[in-house]
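Take a look at the structure below.
The values are calculated or read from the model by the stated rules, or taken from the named source; none is laboratory data. What you see is a predicted model; the values in this text were computed from it and never measured. All Cβ positions, even for glycine, are placed from backbone atoms using ideal geometry, and neighbour counts span all protein chains on display.
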Amino acid sequence: MSKKKPLIVFEGIEGTGKTLHINNIAKFFKKKGIEYIKIREPGGSKNSESIRKIILNKKSNFNKLTDLFLYLAARNENKEEIIHKNYKKKIILIDRFTDSTLAYQHYGMGINKKLIILLNKTILKKIKPDFTFLYTINRKNLLNRLRKRVNKNRYDKFKYEFYNKVQKGFINLSKNKKKYLIIDSNNEIAENKKIILNKIKKII
């Protein structure tokens, strides 16, 4: 059984397969009887899911600062309702977290980095990820996967240049940090599943 109760985050731009892998790990935990909770951002708690619908609505056309505040409002709801109660008590799996805000809102949209860091600290206080899986993808596979998506949201419709800026931002955030593992999403899914599961076993 798991001794440690880490907070594990899955980051990366659209089409990298984060959600598929997080679900795979959840299945593994279920099979082993390991207690965990799994949430996505934006989303998770009831209020946070309501905010998600507003943010990702195809008809929404928010100013970039409004977007930032909505994401952080959703995070605050999650922290209050779910994360705070379970932190270090259960394994927490999160599909996107603080790095996403920096990658999209700072590197992608140009919002002040210090402001985002300050707001995240205000919300989360001492809560921080213990490990991050960062998924990367090349241009061809990204565009192919986005083209095939049936239910597209507002964030599936940016130009490639934007995704490229965001991905570079993610890579920048992970540089020289031991608590990150970069997963090449261009590789075979089965191969990546094995790498991720091996790492998860070590973390817990």
Going by the conditions given, is LEU146 in a helix (DSSP H, G or I) and modelled with pLDDT of 95 or more? no
Search the stretch 84-100 for residues being assigned to a loop (DSSP other than H, G, I, E, B) and closer than 13 Å to GLU41 by Cα, and hand back the single one that is nearest to the chain's Cα centre (by Cα). ARG96
Condition first: surrounded by fewer than 19 Cβ atoms within 10 Å (Cβ to Cβ) and not polar (S, T, N, Q). Now tell me which residues in the stretch 83-110 satisfy that. HIS84, LYS85, TYR87, LYS88, LYS89, LYS90, MET109, GLY110
Can we say LYS140 is among the charged types (D, E, K, R) and either part of a helix (DSSP H, G or I) or within 21 Å of ARG52 (Cβ to Cβ) (or both)? yes
Condition first: assigned to a loop (DSSP other than H, G, I, E, B) and either among the β-branched types (Val, Ile, Thr) or without any contact (Cβ under 8 Å) to a residue 12 or more places away in the chain (or both). Now tell me which residues in the stretch 178-204 satisfy that. LYS178, ASN187, GLU188, ILE204
Of the numbered conditions (1) within 16 Å of the chain's Cα centre (by Cα); (2) part of a loop (DSSP other than H, G, I, E, B); (3) hydrophobic (A, V, I, L, M, F, W, C), LEU68 satisfies every one except a single condition; which is it? (2)
Among the candidates LEU119, LEU134, residue that is touching a strand residue (DSSP E or B) at 6+ places or on another chain (Cβ under 8 Å), surrounded by 14 or more Cβ atoms within 10 Å (Cβ to Cβ) and aliphatic (A, V, I, L, M): LEU134
So which of LYS168, LYS152 ends up being under 18 Å from the mean Cα position of the chain (by Cα) and outside any helix (DSSP H, G or I)? LYS152
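Per-residue answers, yes or no, for (1) within 17 Å of SER100 (Cβ to Cβ); (2) surrounded by 13 or more Cβ atoms within 10 Å (Cβ to Cβ); (3) in contact with a helix residue (DSSP H, G or I) (Cβ under 8 Å, 6 or more places away or on another chain):
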| site | (1), (2), (3) |
| --- | --- |
| VAL9 | yes, yes, yes |
| ALA26 | no, yes, no |
| LYS30 | no, no, no |
| ILE37 | no, yes, yes |
| GLY44 | yes, yes, yes |
| SER48 | yes, yes, yes |
| LYS53 | no, no, no |
So, in the stretch 158-176, how many residues would count as being without any contact (Cβ under 8 Å) to a residue 12 or more places away in the chain and among the charged types (D, E, K, R)? 3
Give the residue that is surrounded by the most Cβ atoms within 10 Å (Cβ to Cβ), with candidates limited to residues of the stretch 176-199 that are at pLDDT below 95 and under 28 Å from ILE116 (Cα atoms). LYS177
Of the listed residues (ILE123, ILE39, ILE117, ILE111), the one being aliphatic (A, V, I, L, M), in a strand (DSSP E or B) and closer than 27 Å to LYS168 by Cα is ILE39
With criteria (1) in contact (Cβ under 8 Å) with a residue 60 or more places away in the chain; (2) in contact with a Ser or Thr (Cβ under 9 Å, 6 or more places away or on another chain); (3) within 30 Å of LYS4 (Cα to Cα), LYS88 comes up short on (2)
